[in-house]
């Protein structure tokens, strides 16, 4: 899909994991390698949002324009650099997301005028496995400039298409697909 860009957010501090999550091994592969492989099945237009000194050997890298502002800063940087209207944002630490799920979310996004298409599952919105329109960067920038870093606050009914957990399950997707790995304990559970 050349009308889609994929951005992997890998700029977090990984404080709860105790080591850079991007390079943690799951089933013999780093989380970064797993996400890059998944992203490249969607499109050749794949970038990593994070420190170029760490990530440039793996894919083109983009740094935050507003550093230290969490995932919203990464989403903003991704969208400001994008040349496509559809932009898949993926956290590096969601290794259970499938190509089928991403295809499903993209298909919902292409059939809508929404600026964001994302799931509400596993207890809340899933903004780090979602499709964003480039124009979401304006709302993100306004929030970042105001010191507001909560992504969920930017999801308004007029601009956001929410895929509810019931719909996902009816389409064959378990909410557990959104599990992320933040701690050594969660990583150990993922190996079981």
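The values are calculated or read from the model by the stated rules, or taken from the named source; none is laboratory data. Just so it is clear, the structure is predicted and the values come from calculations on it, not from any experiment. Neighbour counts are summed over all protein chains in view; Cβ atoms, including those assigned to glycine, are modelled from backbone coordinates with ideal geometry.
Observations on the structure shown:
- Only one of 185, 141, 169 that is closer than 24 Å to residue 20 by Cβ and either touching a strand residue (DSSP E or B) at 6+ places or on another chain (Cβ under 6 Å) or in a helix (DSSP H, G or I) (or both): 185
- Filter result (under 26 Å from residue 25 (Cβ atoms) and outside any loop (DSSP other than H, G, I, E, B)) within the stretch 79-96: 88, 89, 90, 91
- Exclusive hit being in contact (Cβ under 8 Å) with a residue 60 or more places away in the chain and over 13 Å from the mean Cα position of the chain (by Cα), set 58, 7, 66, 23: 66
- Put simply, of 93, 85 the only residue that is surrounded by 20 or more Cβ atoms within 10 Å (Cβ to Cβ) and at pLDDT below 95 is 93.
- Scanning the stretch 148-158 for residues that are crowded, with 18+ Cβ neighbours inside 10 Å and closer than 22 Å to residue 179 by Cα returns 151, 155.
- Selection within the stretch 43-77 - surrounded by 17 or more Cβ atoms within 10 Å (Cβ to Cβ), in contact with a strand residue (DSSP E or B) (Cβ under 7 Å, 6 or more places away or on another chain) and part of a helix (DSSP H, G or I): 55, 71, 74, 75, 77
- In the stretch 102-132, the residues that are in a helix (DSSP H, G or I), touching a helix residue (DSSP H, G or I) at 6+ places or on another chain (Cβ under 7 Å) and surrounded by fewer than 21 Cβ atoms within 10 Å (Cβ to Cβ): none
- Among the candidates 98, 82, residue that is in contact with a helix residue (DSSP H, G or I) (Cβ under 9 Å, 6 or more places away or on another chain), closer than 16 Å to residue 128 by Cα and in contact (Cβ under 8 Å) with a residue 24 or more places away in the chain: 98
- Among the criteria (1) more than 21 Å from residue 4 (Cα to Cα); (2) surrounded by fewer than 17 Cβ atoms within 10 Å (Cβ to Cβ); (3) within 18 Å of the chain's Cα centre (by Cα), the one residue 172 does not fulfil is (3).
- Looking across the stretch 133-147, the residues that are surrounded by 18 or more Cβ atoms within 10 Å (Cβ to Cβ) and within 17 Å of residue 158 (Cα to Cα) come down to 133, 134, 136, 137, 139, 140.
- Subset of the stretch 18-42 that is in a loop (DSSP other than H, G, I, E, B) and crowded, with 18+ Cβ neighbours inside 10 Å - its residue that is modelled with the highest pLDDT: 24
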